[in-house]
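Input: a single structure, listed below in structure tokens.
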Amino acid sequence: MRTSDVVVRRSDGGDRVGLDLLYRDAFPNEPLMPLVEALLDLAEGVTSLVAVRDGCVVGHVMFTRGRVAGSDGPLALLGPLAVAPSAQRTGIGRALVAAGLSQLARCGVLRVLVLGDPAYYGRLGFVTETDIRPLYELPLDWGPAWQSTTPPGVGTLAIRGRLELPAPWLDKALWSP
Ligand SMILES: CC(C)(COP(=O)(O)OP(=O)(O)OC[C@H]1O[C@@H](n2cnc3c(N)ncnc32)[C@H](O)[C@@H]1OP(=O)(O)O)[C@@H](O)C(=O)NCCC(=O)NCCS
């Protein structure tokens, strides 16, 4: 990985302009900044990490704490994740996700879920999740995109039920094609 010149740290208020530029660059057809802003505005339960090179934000990942009724501890949803096109395929996405999973392990998070391309998240250790259901039913052919992993050092517990998340994630459009 050529990530030695990249620093991964928690985001702060000074990163908002850099985040806006990053999301315009990485997702030109999908305005994700309103979701990012809404999640950052939550008082707690969000882990937001930036990858910074030469003072510029070149990557970002968020994790939102959620729960399944009756489970022994919190869970988290990964998303969004973005790496600037000019910095892709250099290990920044992997580094951001790994740093986030380590932080969540220290917070007692039992499982981390994601709705994304299995060809990518499978490389980061995510596997198809069938016991924990997303907020809304997904199209049948999206099944493999709903995945999970266990943070490092956390034992695998059986968890079954529907994931509950805070308000910014209740927008059904975020869960449909
Ligand atoms: C998808 C994305 C986050 C990947 O970030 P990245 O920093 O380029 O990924 P990494 O360099 O850490 O790659 C990690 C591994 O995944 C592979 N990989 C990278 N992009 C991939 C893709 N689109 N599909 C499949 N595998 C991919 C890499 O080759 C690498 O594999 P290896 O370590 O086994 O050799 C980035 O390309 C991006 O932001 N894309 C635009 C937005 C998007 O599609 N986001 C999806 C997440 S919501």
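Of note:
- Among Gly122, Val97, Leu163 - extreme Cα towards positive end, dipole of the range 69-177, charges at beta-carbon: Val97
- Projected label distance in nm at Asp12 and Arg162, using a 7 Å step from Cα toward the beta-carbon: 4.0
- Computed over protein heavy atoms with a 1.4 Å probe, the carbon and sulfur contribution to the accessible area of the chain reaches 53%.
- Accessible surface, per residue, of the chain when the full set of protein chains is kept, probe 1.4 Å, Å²: 51
- Candidates Ala38, Ala76, Ala99, ranked by Gaussian network fluctuation over the chain, Cα under 10 Å, top entry: Ala38
- Largest mean-square fluctuation among Ala98, Ala26, Ala119, in a Gaussian network model of the chain whose springs join Cα atoms under 10 Å apart, belongs to Ala119.
- Evaluated with a Cβ-only charge set (Lys, Arg +1; Asp, Glu -1), the chain carries a dipole of roughly 460 debye about its Cα centre, given to the nearest 20.
- For the range 52-61, the Karplus equation 6.51 cos²θ - 1.76 cosθ + 1.60, evaluated at θ = phi - 60°, returns couplings of 10, 10, 6, x, 10, 6, 10, x, 7, 9 Hz by residue, with Gly and Pro reported as x.
- Taking 7 Å steps out from each Cα toward its Cβ at Thr130 and Ser176 produces label points 2.7 nm apart.
- Against the chain, whose longest principal axis is taken from its Cα atoms, helix 92-106 shows a tilt of about 50°.
- Sorting Glu129, Glu137, Glu44 on solvent-accessible area from highest to lowest, probe radius 1.4 Å, gives Glu44, Glu137, Glu129.
The values are calculated or read from the model by the stated rules, or taken from the named source; none is laboratory data. Worth saying up front: this structure is predicted, and the values here are computed from it rather than measured. Positions of Cβ are generated from backbone atoms using ideal geometry, with glycine treated the same way; all protein chains shown enter the neighbour counts. Accessible surface is based on the protein model in full, side chains and every heavy atom, while ligands, DNA and RNA are left aside. Shrake-Rupley method; radii C 1.70, N 1.55, O 1.52, S 1.80 Å.
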